[in-house]
Amino acid sequence: MLNRKSLYLINKIDPMKTMTCKQLGGACDTEFTANTFEEMAELSKQHSMEMFQKDDEDHLKAKDEMMQLMKSPDAMQHWFKNKRREFDALPKDK
Ligand SMILES: [Zn+2]
């Protein structure tokens, strides 16, 4: 189990990466920082859920586009692969 202190140390050794909501298929410039692409996707999902609850028009529109994409598993997989590559290529935060 990781406690708060060891998490802090991990972040020290392995700085986080930052992506915006827009970069992740969303609609705004909110930034997410995470160590892994999975964490990043999770943060973006949580943020989107919040925005959907607020009936944010831009995010609902982005969701529609994602839903279109999800109709094709191939397209979805391709999207994820590209985003993961984008994440891997990002410079780490200082
Ligand atoms: Zn957003």
Q. About its Cα centre, how strong a charge dipole does region 4-89 have in debye, to the nearest 20, once Lys and Arg get +1 and Asp and Glu get -1 at the Cβ?
A. 380 debye
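Assuming 0.36 nm per residue, please report the length gained on full extension of the stretch ASP14 to GLU50 beyond their Cα-Cα distance. All intermediate terms of the calculation are to be shown ahead of the outcome.
On the way: separation 36, 0.36 × 36 = 12.96 nm, distance 2.86 nm.
Gain in length upon complete extension: 10.1 nm.
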Q: Would you mind computing, in nm to one decimal, how far apart the modelled labels at ASP58 and ARG84 are, each placed 7 Å from Cα along Cα→Cβ?
A: 2.9 nm
Q: Could you run the Karplus curve 6.51 cos²θ - 1.76 cosθ + 1.60 with θ = phi - 60° over region 32-43 and give me ³J(HN,Hα) per residue in whole Hz, x for Gly and Pro?
A: 10, 10, 7, 8, 10, 5, 4, 4, 4, 4, 5, 4
Q) Does region 18-86 come out rounded, prolate or oblate, given a ≥ b ≥ c as the square roots of the eigenvalues of its C-alpha gyration tensor, rounded meaning a/c under 1.5 and, failing that, prolate meaning a/b above b/c? A) oblate
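Tally Lys/Arg at +1 and Asp/Glu at -1 over every other residue whose Cβ is under 12 Å from the Cβ of THR30; what's the total?
Details: positive: LYS22; negative: ASP29, GLU31, GLU50, ASP56, ASP58.
Summing Lys/Arg as +1 and Asp/Glu as -1 gives -4.
Go ahead and estimate [θ] at 222 nm for the chain from helices alone: -39,500 (n - 2.57) per DSSP H run with n ≥ 4, summed, over the residue count, rounded to 500. Don't skip to the end; give the middle numbers.
Working: 4 runs with 58 residues, N = 94.
Taken over the chain, the calculation gives -20000 deg cm²/dmol.
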Q | In order through region 19-26: 3J(HN,Hα) via Karplus (6.51 cos²θ - 1.76 cosθ + 1.60), integer Hz, x for Gly, Pro | A | 9, 9, 3, 4, 4, 9, x, x
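Grab the Cα-Cα distance for GLU65 and GLU42, subtract it from 0.36 nm times how many residues apart they are, and report the gain in nm with one decimal. Intermediate results must be reported in sequence, preceding the final value.
Numbers: separation 23, 0.36 × 23 = 8.28 nm, distance 1.84 nm.
Here the answer is 6.4 nm.
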Q: Could you work out how far helix 57-70 tilts from the main Cα principal axis of the chain, as a 0 to 90 degree angle to the nearest 10?
A: 90 degrees
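Coordinate-derived values only; no laboratory data. The structure presented is a predicted model; accordingly, all values stated were derived computationally and were not measured. Positions of Cβ are backbone-derived with ideal geometry, glycine not excepted, and every protein chain shown enters the neighbour counts.
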